[in-house]
Amino acid sequence: MENNRFKGRGKSLLVLYSYHHHNTEKIAKVMAEVLNAEIKMPDQINPDELQEYDLVGFGSGIYSAKHDESLLELADVIPEVNNKNAFIFSTAGITGKSKSAKDHSKLREKLVSKGYTVIDEFQCKGFNTNSFLRLFGGMNKGRPNTEDLKNAEEFAKSLI
Ligand SMILES: Cc1cc2nc3c(=O)[nH]c(=O)nc-3n(C[C@H](O)[C@H](O)[C@H](O)COP(=O)(O)O)c2cc1C
C-alpha cells in the first residue's frame, strides 16, 4: 500500500459534488489546498482528461447510502487507467468505520474496476437537515467543525 502512495509531485484533481449544506465542499477545499489540486464538479469533467492526473480525489455528501449519482455516472464513463491513484471522501449524517466503508463501496468498486488504486478514504460528519430532521433543527449542527477540517488536512498530507 505504502508504495502506491502519491509522492506529492504529480498533478492532482478533486472531483466534488456538494449541494446540501456545502459540507463536503468545506473539506474538499482544505484537501485541495494541501494537494495543490483543482476542484471540479462532475459535469465539468471531460472523462478523458482524468488520465492527465496522478492523483484524483472523488467526493460528495452521502445521499441514500452512496455518493451522488453524478460521481457514480462519471466513474462509469471514465476510461480505464494504468497505475493511477485515487482517493474517496465524503461527509454524511451518520459516520463510522464500517458505515463509511459501506457508503463508499459503490464508488470504490467502480474506480477499482477502471484500474484505479484507491489509496485511502476519508469521511466526517456533515450538517443534515434532510427530510424530518429539518423539523428538529437538523443533526450534526456545525459539522464539519474545526477538528474535522484539521483531520481532512492531516488526511491530505498523509497522501503526499
Ligand atoms: C437527500 C439526502 C439523503 C441523505 N442520505 C443520507 C444517508 O443515506 N446516510 C447518511 O449518513 N447521511 C445522509 N444524508 C446526509 C448528508 O450525507 C450530509 O448532510 C452531507 O454532509 C451532505 O453533504 P453536502 O452538504 O456536501 O451536500 C442525506 C442528505 C440528503 C439531503
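Restricting attention to the range 55-117, close to 10% of DSSP beta bridges with both partner residues there are antiparallel.
For the chain, modelled as a GNM whose springs connect Cα atoms under 10 angstrom apart, the maximal fluctuation among GLY59, GLY93, GLY126 occurs at GLY93.
The stretch between LYS99 and GLN51, if pulled fully straight at 0.36 nm per residue, gains 14.3 nm over its current Cα-Cα span. Considering only trypsin sites (Lys or Arg not before Pro) in DSSP loops that have at most 15 other Cβ atoms within 10 Å, the longest stretch of the chain without any of them is 12-140. Each residue of the range 17-29 was assigned a 3J(HN,Hα) from its phi angle through the Karplus curve 6.51 cos²θ - 1.76 cosθ + 1.60 (θ = phi - 60°); the sequence is 10, 8, 10, 5, 10, 6, 5, 5, 4, 4, 6, 5, 5 Hz, with glycine and proline shown as x. Across the alpha-carbon set of the chain, the Rg to Rh ratio works out to 0.96, Rh being the Kirkwood radius.
Would you work out the charge dipole size for the chain about its Cα centre, treating the Cβ of every Lys and Arg as +1 and the Cβ of every Asp and Glu as -1, and quote it to the nearest 20 debye? Present the calculation step by step, with values, prior to reporting the outcome.
Working: 22 positive and 22 negative charges, 123 e Å.
It works out to roughly 580 debye.
Only one residue of GLN51, ALA156, LEU14 has its Cα farthest out toward the positive end of the dipole of the range 9-159, where Lys and Arg carry +1 and Asp and Glu -1 on Cβ, and that residue is ALA156. Summarising the strand pairing of the chain, around 5 percent of its internal DSSP beta bridges are antiparallel.
Which value in Å does the Kirkwood hydrodynamic radius of the range 64-107 take, with 1/r averaged over all unlike C-alpha pairs and then inverted? Present the calculation step by step, with values, prior to reporting the outcome.
Numbers: mean 1/r = 0.0851 Å⁻¹.
Computed over Cα pairs of the range 64-107, the Kirkwood hydrodynamic radius comes out at 11.7 Å.
Distance between the 7 Å Cα→Cβ label points at ASN36 and SER131: 4.5 nm.
Averaging sequence separations of C-alpha pairs under 8 Å and six or more residues apart, then dividing by the length of the chain, give the relative contact order as a whole percent. Walk me through the numbers on the way to the answer.
On the way: 307 pairs, mean separation 42.2, N = 160.
This gives 26 percent for the chain.
Taken together, the values in this text are just the output of simple stated rules run on the coordinates, not laboratory data. Just so it is clear, the structure is predicted and the values come from calculations on it, not from any experiment. FYI the Cβ positions are ideal-geometry reconstructions off the backbone, even for glycines, and counts take in every protein chain you see.
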